[in-house]
1. Quick check, is residue 4 aliphatic (A, V, I, L, M) and within 22 Å of residue 104 (Cβ to Cβ)?
2. Assess whether residue 22 counts as being in contact (Cβ under 8 Å) with a residue 60 or more places away in the chain, among the β-branched types (Val, Ile, Thr) and part of a helix (DSSP H, G or I).
3. Go through the range 82-140 residue by residue and tally those that are surrounded by 16 or more Cβ atoms within 10 Å (Cβ to Cβ) and touching an Asp or Glu at 6+ places or on another chain (Cβ under 6 Å).
4. Quick one: is residue 131 on the phi < 0 side of the Ramachandran plot, within 32 Å of the chain's Cα centre (by Cα) and among the hydroxyl-bearing types (Ser, Thr, Tyr)?
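Where a number appears in this text, it was derived from the coordinates with a stated rule and is not lab data. From a predicted model like this one, the values you see are computed outputs, not experimental measurements. Neighbour counts run over all protein chains shown; Cβ positions are idealised from the backbone, glycine included.
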Amino acid sequence: MDNINTNLLLNAITYGFIIFTILIFLWYFIKYGLRVRKAKRHLQSFNIDNIDANNQLENSYLNLVGKRMYTSIYANDIINIDSITKEYKIKLSVISSVPNILTSIGILGTFLGLSIAVTNFDSQSSESIRTSIQILLGGMGTAFWTSVAGMFFSAVFLIIKRHWINSLNWRIDNVCDLLDAKYHKSADQIVIE
């Protein structure tokens, strides 16, 4: 392969891997971002005096409360991050693996760029060495930029994921505090009554 074709190929690989990384990032960000947003809105609009009859988690807790209007079970035993993510089809295992996927795409681009550059290295004459070094540097550029893109979007997704989980946990805690304040009694309080 000549120098121009190799450089074009390396540029195409670089841009392709960066675009692919961005698309993977956007796919998971939009897919799970919308689900997290829906769950956060529901939790934020929770009204202790007007519990949503269509919500499975709220109904599960109220069924425990029953006609007595109290329970010894804490709301957080029923309504927690696991139950909310299940209810809204937010797969934490998938969300946790996205940064690894993005980094892996960057590493794959790195190895591909370097392997193309090293494969085309010609050491027969000083001119061919000079040309081969240019190709090698182009391959290193591909390696560098695909790795940077993978690591950058991986780090951004980690930050977003932490924000999603923390904001869901905060809202869950608020809802559970409201439910416990109204319906929770200790086993001792129940025996006394």
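1. no
2. Working: in contact (Cβ under 8 Å) with a residue 60 or more places away in the chain: yes; among the β-branched types (Val, Ile, Thr): yes; part of a helix (DSSP H, G or I): yes.
So residue 22 passes the test.
3. Selection size over the range 82-140: 1.
4. Numbers: on the phi < 0 side of the Ramachandran plot: yes; within 32 Å of the chain's Cα centre (by Cα): no; among the hydroxyl-bearing types (Ser, Thr, Tyr): yes.
When the stated conditions are applied, residue 131 does not pass them.
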